[in-house]
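The values are calculated or read from the model by the stated rules, or taken from the named source; none is laboratory data. These numbers were taken from a predicted model, which means no experiment stands behind them. All Cβ positions, glycine included, derive from the backbone under ideal geometry; neighbour counts span all protein chains shown.
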Ligand code: FAD
C-alpha cells in the first residue's frame with residue numbers, strides 16, 4: 001500500500017502541513033501528507049482572511065520562497081486591503097478576505113498537482129523511534145509507515161476540548177474529532193507539553209441581517225495582491241464587509257452567561273491569545289468601554305454565511321444569541337453555528353533547533369500551532385521551513401535558516417526557539433527590530449534567490465524578481481542622474497505646499513521630500529517617458545519610490561544589522577559547558593543550558609541573559625573585542 005520508505009511524512013494538512021508538504025515534495029522528496037480529513041485541507045478554522053499587520057509580510061515571504069499560501073490567497077480573495085497605508089512602507093500590510101470553501105479547494109487542487117506527493121486520510125497515533133531517530137509513524141488502525149523524517153503539524157487537535165458555556169466535549173475543531181496518542185508518546189520520549197486555548201465567533205445567516213444599519217467597509221480602490229508571480233491576478237470585483245458595534249445592553253446580556261462560562265468558572269485554565277480576546281474577556285478587561293467594534297465579513301462569493309469578527313466567545317449558545325440580537329442590524333439574526341473555545345496541547349518551542357527539528361529526536365520536526373503559535377500565516381511559514389529542512393535532512397545537507405534581518409520568518413522562528421512562549425504567539429511588526437528592511441514590497445529581493453539556490457523557487461519566479469530588481473535600480477539611477485530646472489519643478493512643489501527650489505538639481509532631491517510622491521514626479525515629462533519607454537510595472541515603480549524616500553532609514557538599519565550579525569558569526573559549540581563561567585548569573589546559566597544557543601547573538605536574545613552575561617561569555621571564548629564593532633550595550 002505504501003512504498004518501502006518515504007523521505008518525508010507530514011502529519012496534518014492545516015496551513016503548516018500543507019506548506020510543509022508542498023516544500024518537501026517540490027524539492028524532490030518522496031512525501032506523504034497524512035491527515036484526519038482530506039476534505040479539510042488548509043481549512044481556515046477561524047477568520048476567513050489571510051494577511052494583516054506583520055502577517056501580510058509573512059505571506060509575501062512564503063510566496064517569495066516558492067510556497068503556495070500567497071497564490072491560493074490571491075486566487076480565492078473576495079476583498080483586498082493594504083493596511084497601514086498612511087504610515088511608512090515598513091508598516092504596509094496586505095490583507096485579503098477569503099472565500100473559505102474555495103481556499104481549501106484551491107489548496108487541495110494545488111497539492112494534487114504537486115509531484116512526489118501522496119495523500120492518506122488517517123489519524124497518526126504514534127511515532128516509530130529507533131535510537132533517538134524517528135523512522136516513521138503508526139496510525140490509529142495500526143498501520144506503520146516508514147520515512148526518513150516526520151513533520152508534526154497537529155494544530156489545535158492534540159487532546160483538543162471544545163467549550164460552549166458549561167458544555168464541553170473532545171474535538172480538534174467544530175465537527176472534527178481530537179487527535180489522541182501523540183502527546184502521550186512525545187511525553188514518553190522526554191518532551192514537555194503545555195495547554196493553550198483559543199476561540200472563534202458565531203457564524204450567521206446574512207439573509208437575516210439588516211446591512212442598512214451597519215457601516216460599509218469596502219476594499220481598496222486599487223487592490224494589490226500577495227504573489228510576486230505574474231500569473232495571479234488583482235481583484236476587479238470585491239465583496240463588501242460591514243461594521244457594527246456592541247452596546248452596554250449587549251454587555252449586560254453577555255454578563256448573564258459569565259457564571260456558566262468556562263473562562264470564568266475555572267473550566268478553562270490555559271492561556272489564550274492576548275491580542276485576540278473573546279468578547280467576554282474584552283468586557284471584563286475594558287470595563288470602562290461601552291462598545292466594541294464588530295466586523296461582519298462574508299465567508300465567500302456565493303454563500304450567505306457571515307463571520308462576526310470581534311465576537312469570539314465560549315459563552316453558552318443561548319447567551320450568544322440573545323446578546324447578538326441587540327446589535328444594530330442583528331435584530332432578526334439566525335445562527336449557522338455558535339462560537340466556541342478550544343483547549344489543546346502544545347510543545348514549548350525551545351525544544352527545537354532553528355531548523356524546527358527537535359533537539360531530542362533526530363529527523364522529527366514540529367511546525368505550526370503545535371509550537372504555541374496562533375494564526376494561519378505563522379503556521380504556514382513554519383510549515384514551509386520545516387518542509388524544506390526535513391527534505392535537506394533526508395539528503396544529509398545543512399539546514400536552511402533565515403536571520404532576523406532577512407525575514408519575519410527568521411524573527412518568528414528565532415523568537416520561538418530562543419524565548420519560548422507561554423501564550424499563543426502571533427507576529428507583530430514590533431517584534432522585528434529591522435522592520436524597515438523586512439517590508440512586504442521587497443520579500444522577493446530578500447528571499448527568492450536563496451530559495452532558487454535551494455531548488456524551490458522556480459526559474460519564472462527568479463526571472464520576475466531579477467527584472468523588478470533591474471528596473472527599479474535603473475529607475476533610481478535615473479532619478480540620481482537626471483536634472484530638473486526650477487521652472488519645471490516649482491509649480492509641482494508649490495501645488496504640494498513644499499518650498500520652491502532656486503537652482504537646477506537632480507530629481508532625487510525633491511523626490512526625497514516626504515510629501516512629494518511618484519504621482520507628483522510623473523508630472524515631469526522625462527519621468528513619465530522613462531516609465532513608458534521601459535515598460536515599468538507598478539511593482540518596480542513602487543519599489544523605486546520606497547527606496548528613494550526611505551534610503552536613509554534603510555541604510556541605517558542595514559548598518560545596525562550588519563554590526564549585530566558579527567555576533568551571529570560567533571558560534572557556540574553544542575557541547576559548551578556553561579558551568580565553567582563562574583560569573584554568569586544563575587538565571588542565565590539555567591536559560592543557556594536549556595536553550596543551547598548556537599551563536600552569541602542568539603544567546604543575547606534569551607530573556608534573562610543580560611549584556612553582562614554576554615560579556616562573560618565573549619571573554620571566555622577569547623573573542624578579541626578589538627576586531628568586533630560590538631553594539632554599545634556589549635562594549636566594556
Ligand atoms: P490546523 O490548521 O489546526 O491543522 C491541523 C491539521 O492536522 C488538521 O488538518 C488536522 O486534521 C490534522 N491532524 C491533527 N492531528 C492529526 C493526527 N494525529 N493525524 C493526522 N492528522 C492530524 N488563529 C488566529 O490567528 N486568531 C484566532 O482568533 C484564531 N482562533 C481560532 C479559533 C479556533 C476555534 C480554532 C480551532 C483555531 C483558531 N485560530 C486562530 C488558529 C488557527 O486556526 C491556527 O493558528 C492555524 O490553523 C494553525 O495551523 P496548523 O497548520 O498549525 O494547524
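Find the residue count for the stretch 156-179, including only residues that are part of a loop (DSSP other than H, G, I, E, B) and touching a helix residue (DSSP H, G or I) at 6+ places or on another chain (Cβ under 8 Å).
To start, the set of residues in the stretch 156-179 that are part of a loop (DSSP other than H, G, I, E, B) comprises 156-157, 159-160, 165-166, 171-172, 174-175, 177-178.
Of the ones still in play, those that are also touching a helix residue (DSSP H, G or I) at 6+ places or on another chain (Cβ under 8 Å) are 156, 159, 165-166.
Total meeting the criteria: 4.
So for the stretch 468-481 (the condition being in contact (Cβ under 8 Å) with a residue 24 or more places away in the chain and either within 22 Å of the chain's Cα centre (by Cα) or assigned to a loop (DSSP other than H, G, I, E, B) (or both)), does at least one residue qualify? Within the stretch 468-481, not a single residue is in contact (Cβ under 8 Å) with a residue 24 or more places away in the chain and either within 22 Å of the chain's Cα centre (by Cα) or assigned to a loop (DSSP other than H, G, I, E, B) (or both). Looking only at the stretch 358-383, residues that are in a helix (DSSP H, G or I) and either over 12 Å from the mean Cα position of the chain (by Cα) or without any contact (Cβ under 8 Å) to a residue 60 or more places away in the chain (or both) come to 2 in all. Filtering the stretch 235-259 to residues that are assigned to a helix (DSSP H, G or I) and surrounded by fewer than 16 Cβ atoms within 10 Å (Cβ to Cβ) leaves 248, 249, 252, 258, 259. Taken over the stretch 1-44, the criterion of being farther than 17 Å from residue 140 by Cβ, more than 10 Å from the ligand (Cβ to nearest atom) and touching a strand residue (DSSP E or B) at 6+ places or on another chain (Cβ under 7 Å) is satisfied by 4, 5, 6, 7, 8, 21, 24, 25, 29, 30, 31. Here the condition is being under 29 Å from residue 361 (Cα atoms) and surrounded by 21 or more Cβ atoms within 10 Å (Cβ to Cβ); of 90, 42, it holds for 42 alone. I'm checking my understanding of the structure. Among residues of the stretch 430-445 that are assigned to a helix (DSSP H, G or I) and more than 16 Å from the ligand (Cβ to nearest atom), which one is farthest from residue 357 (Cα to Cα)? Checking each candidate, the answer is 441. Taken together, the residues in the stretch 396-418 that are surrounded by fewer than 24 Cβ atoms within 10 Å (Cβ to Cβ) and touching a residue at least 12 places away in the same chain (Cβ under 8 Å) amount to 11.
Residue-by-condition table, conditions (1) within 10 Å of the ligand (Cβ to nearest atom); (2) assigned to a loop (DSSP other than H, G, I, E, B):
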{"site": "46", "(1), (2)": "yes, yes"}
{"site": "53", "(1), (2)": "no, yes"}
{"site": "72", "(1), (2)": "no, no"}
{"site": "80", "(1), (2)": "no, no"}
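Scan the stretch 165-187 for residues that are more than 10 Å from the ligand (Cβ to nearest atom), at pLDDT 95 or above and surrounded by 20 or more Cβ atoms within 10 Å (Cβ to Cβ) and the total you get is 1. Can you confirm whether residue 160 is within 14 Å of the ligand (Cβ to nearest atom), within 27 Å of residue 60 (Cβ to Cβ) and at pLDDT 95 or above? When the stated conditions are applied, residue 160 does not pass them. From the list 539, 526, 497, the lone residue that is within 26 Å of the chain's Cα centre (by Cα) and either surrounded by 12 or more Cβ atoms within 10 Å (Cβ to Cβ) or farther than 28 Å from residue 433 by Cβ (or both) is 539.
Take residue 451 and tell me if it is assigned to a helix (DSSP H, G or I) and more than 24 Å from residue 61 (Cα to Cα). Judged against the criteria, residue 451 is not a match.
When you look at residue 360, is it surrounded by 23 or more Cβ atoms within 10 Å (Cβ to Cβ), touching a helix residue (DSSP H, G or I) at 6+ places or on another chain (Cβ under 8 Å), closer than 30 Å to residue 188 by Cα and modelled with pLDDT of 95 or more, yes or no? Criteria not met by residue 360. Checking each residue in the stretch 190-214 for being surrounded by 15 or more Cβ atoms within 10 Å (Cβ to Cβ) and either without any contact (Cβ under 8 Å) to a residue 40 or more places away in the chain or over 28 Å from the mean Cα position of the chain (by Cα) (or both) picks out 205, 206, 208, 209, 214. Considering only the stretch 213-234, I want to know if a residue exists there that is assigned to a helix (DSSP H, G or I), out of contact with any strand residue (DSSP E or B) (no Cβ under 8 Å at 6 or more places or on another chain) and away from the ligand (no atom under 16 Å from the Cβ). Scanning the stretch 213-234 turns up no residue that is assigned to a helix (DSSP H, G or I), out of contact with any strand residue (DSSP E or B) (no Cβ under 8 Å at 6 or more places or on another chain) and away from the ligand (no atom under 16 Å from the Cβ). The set of residues in the stretch 108-155 that are part of a loop (DSSP other than H, G, I, E, B), within 14 Å of the ligand (Cβ to nearest atom) and within 23 Å of residue 357 (Cα to Cα) comprises 123, 153, 154, 155. Within the span defined as the stretch 320-334, every residue fails to be surrounded by fewer than 23 Cβ atoms within 10 Å (Cβ to Cβ), touching a helix residue (DSSP H, G or I) at 6+ places or on another chain (Cβ under 9 Å) and closer than 20 Å to residue 272 by Cβ. Applying the criterion of being assigned to a loop (DSSP other than H, G, I, E, B) and modelled with pLDDT under 95 to the residues of the stretch 384-425, the residue that is nearest to the ligand (Cβ to nearest atom) is 424. Here residue 66 fulfils each of the conditions (1) in contact (Cβ under 8 Å) with a residue 40 or more places away in the chain; (2) away from the ligand (no atom under 16 Å from the Cβ); (3) surrounded by fewer than 21 Cβ atoms within 10 Å (Cβ to Cβ); (4) over 30 Å from residue 241 (Cβ atoms) apart from (3).
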